Every structure is written in structure tokens, then in C-alpha cells.
Amino acid sequence: MTKNSTDIQPSVFILTGLRGLAGARMWLGPLLSLMYTITLVSNCTLLYLVKIERSLREPQYLFLSMLAGADIALSISTLSSVLKVFVFGHHEITIDACLSQLFFIHTFSSTGSGILLSMAFDRFVAISHPLRYTTILTHSRITKMGLAAFLRGIALMTPLPILLKRLPFCKGQTLSYSYCQHPDVMKLACGPVKINIFYGLIMVICSFALDFLLIVLSYTLILRSVLGIASREGQLKALNTCLSHIFIVLIFYMPLLAIALLHRINRKSSPLTFAVLGNFYLFMPPMFNPIVYSLKTKKIRDALQKSFGSWRT
């Protein structure tokens, strides 16, 4: 790298929408605004219900409130740039703002992954050790598990913007999404990027990959416990308590897995495919998580009815 390579260092990056969809801004702007509204309102409502309803102070709902908090933070991290692109048509973002955004996006994504793992452990304890459920998952231990997920995210993601900041960017300014992500920004960098690639791999293995494997292990143990239940009705009842968590795990991890497979198996896939999967991964889980649990969990529905009923009177 020559000494004057930093002379072409851009001051801004260019965010993109969904390339290949003509007139996407006309309908995506209102749609994304609606999705953000639903996400923030539903997750804030869930946090409010867990706070005021004593019946929702159980470990399962405390973990769910932590997930709602991580989803709110993740949504706020992408809100400004996404709406700026699709509502106002402004595509520029400064490098420092971009690096800050990718730190928060990856941090809260990792935090959400860690909380999903904690929720899998919660289901394992509830089904395999029901008599010890409240003694194992005390409020203090639940708080420590949530804090550990958050601090792990900070510790793993802090080096990402630092490692990118040291590099010149001479391969263009245009990013693939309407927000900043580490792999996308790294593609525009020149110089020694091997350490960025290596650390990015370590980060994925130590967070998302490890969490997913442990979740699979948890459900393997859960299934073994369920098969040990004598009655068919008891087995179905035990599995039914896991359905909401299984669904949100799938919508969280499947887009990540699909993107990884497409990068390695079919690199000629259209940019639109990657953009759709990338946006699905960031926008859909925060919106669906509280809705799925509200529809599936009677205690949350009862708390909603009780709360809104008191407002009406």
C-alpha cells in the first residue's frame, strides 16, 4: 500500500436500498415505517406488561423482556439510516457514523442470540427439572445471564470498528444495505484485511455459531426428557411450551445460515437475494417475537386484556 492511499479515503459511504426493485422506495418506505412502529410499540408493551403484572415475573417472561429490550435497541440502531434511505431518499452516511452503527447492530444481535440461548436453557430446566425450576433460575441468576449476554456482545464487537478504522477504503463507497455491517464495510477496505477476516470468523464462532449449537443441544436434551414422560398428553403439553421459542430461533438464525450458504455455494446469487435476506434478518425477528409470544401465551394475552380493559374503564 502506497503512502498516498489515504488520499482517496472517502468521507462518506453510500447506503443502498433493494437494488433491482424499481420504485421500491414508494412502497418500502411506508412498509418499513409501519414495521418499525409495530416493533417498538409491541416490544415496549411487552416490557410494560412484565413490569406491572406479577403473574409475568416468572423466568420465561423475564428472559422475554430482556429479548424485547435487545430488539428495541437493535431496531433503534438501524432506524435512522433505513428510514433516511427509504423515506427521505438520502443515502450518505459518514464513516464514523457507519462504524458506530455496525458496532451497535452486531452488539445487540449478539445479545439477542445470547438471550435466545438463555431461553432455551429456561425451557430445558422447566421440562427436565420442573420441581427445581424457581430455585435454579432465581431472579439474581437470570439478571446475571442477561448481563453476561450483553457484556459478551460488547467485548466481542468493540474490536470491529477499531480494526476497520485503521484501514483505508479505496474500493468504492457503495454498501449493499441501508445500514452498515462489518463484512459489507470490510469489502471496501484496502490494506491488510486478513486480521479483520480472521477476527470476524472468531466473532461469529464465539457468538452466533456457539449459541446455535448450544440451543440445538438444549433441545436434544429437552426431547429426551419429553420422551420420558409417560402420557401422550404430557408430552404434547411439554412440547407446546417450546413452540414459540423454536419459531423465533428459526426466524433469527435461518437467514444468517442462508446468507452464509449462498456466499459459499452460490456466489453468483443476485444482490437482491442477499439484500432481502439481510433485511429479513434485522427487521422481522424484533417485530415477530412479541407478537408470537402474545398470540401463543395465555398469561400475556390475559395481561394485555386486563391492562387495556383498565385503560378503557
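The values are calculated or read from the model by the stated rules, or taken from the named source; none is laboratory data. Only a predicted model underlies this, so the values are computations on that prediction, with no experimental measurement involved. Note: ideal-geometry Cβ built from the backbone for every residue, glycine included; neighbour counts use all protein chains shown. Only protein heavy atoms, including side chains, enter the accessible area calculation; ligands, DNA and RNA are left aside. Shrake-Rupley method; radii C 1.70, N 1.55, O 1.52, S 1.80 Å.
Just a few scattered comments:
- Helices (runs of 4 or more DSSP H) contained entirely in the stretch 94-191, each with at least 2 residues that are surrounded by fewer than 21 Cβ atoms within 10 Å (Cβ to Cβ) and among the small types (Gly, Ala, Ser): 95-128, 139-157
Here is a yes/no grid of residues against (1) farther than 22 Å from Leu74 by Cα; (2) of a type outside the set (Val, Ile, Thr); (3) out of contact with any Lys or Arg (no Cβ under 8 Å at 6 or more places or on another chain):
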{"site": "Leu188", "(1), (2), (3)": "yes, yes, no"}
{"site": "Pro192", "(1), (2), (3)": "yes, yes, yes"}
{"site": "Val204", "(1), (2), (3)": "no, no, yes"}
{"site": "Ser225", "(1), (2), (3)": "yes, yes, yes"}
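- Residue within the stretch 92-103 that is acidic (Asp, Glu) and at pLDDT below 95 present: yes
- Among the candidates Gly234, Gly200, residue that is in contact with a His (Cβ under 9 Å, 6 or more places away or on another chain), without any contact (Cβ under 8 Å) to a residue 60 or more places away in the chain and part of a helix (DSSP H, G or I): Gly200
- Applying a threshold of 8 Å to beta carbon distances and a minimum spacing of six or more residues, or different chains, the list of pairs starting in the stretch 291-303 at a residue that is more than 21 Å from Thr37 (Cβ to Cβ) and touching a residue at least 24 places away in the same chain (Cβ under 8 Å) and ending at one that is open to solvent by less than 60 Å² (accessible area, probe 1.4 Å) and among the basic types (Lys, Arg) is empty.
- Check on Phe208, touching a strand residue (DSSP E or B) at 6+ places or on another chain (Cβ under 7 Å) and open to solvent by less than 40 Å² (accessible area, probe 1.4 Å): no
- Condition check for Ser77: free of Cβ contacts under 8 Å to residues at least 24 places away in the same chain, open to solvent by 10 Å² or more (accessible area, probe 1.4 Å) and out of contact with any Asp or Glu (no Cβ under 8 Å at 6 or more places or on another chain): no
- Candidate set from the stretch 225-248 (those that are hydrophobic (A, V, I, L, M, F, W, C) and surrounded by 13 or more Cβ atoms within 10 Å (Cβ to Cβ)); member that is farthest from Leu201 (Cα to Cα): Ile229
- When Thr143 is tested against (1) more than 20 Å from Tyr281 (Cα to Cα); (2) polar (S, T, N, Q); (3) in contact with a Pro (Cβ under 8 Å, 6 or more places away or on another chain), just one condition goes unmet, and that condition is (3).
- Only one of the numbered conditions (1) buried (at least 19 other Cβ atoms within 10 Å of the Cβ); (2) closer than 17 Å to Thr143 by Cα is not met by Glu58, and that is (1).
- If you check Ile222, Ile251 for being closer than 12 Å to Phe121 by Cα and open to solvent by less than 40 Å² (accessible area, probe 1.4 Å), only one passes: Ile222.
- Near pairs, Cβ below 7 angstrom, 6+ apart or cross-chain, from the stretch 240-252 (part of a helix (DSSP H, G or I)) to any residue that is among the aliphatic types (A, V, I, L, M) and at pLDDT below 90: Ile251/Met284
- Criterion (within 21 Å of the chain's Cα centre (by Cα) and either part of a helix (DSSP H, G or I) or modelled with pLDDT under 95 (or both)) met by exactly one of Ser5, Ser77: Ser77
- Residue match in the stretch 127-144 (condition: without any contact (Cβ under 8 Å) to a residue 12 or more places away in the chain and of a type in the set (A, V, I, L, M, F, W, C)): yes
- Looking across the stretch 189-202 at every residue that is under 14 Å from Pro161 (Cα atoms) and aliphatic (A, V, I, L, M), the one that is nearest to the chain's Cα centre (by Cα) is identified as Ile197.
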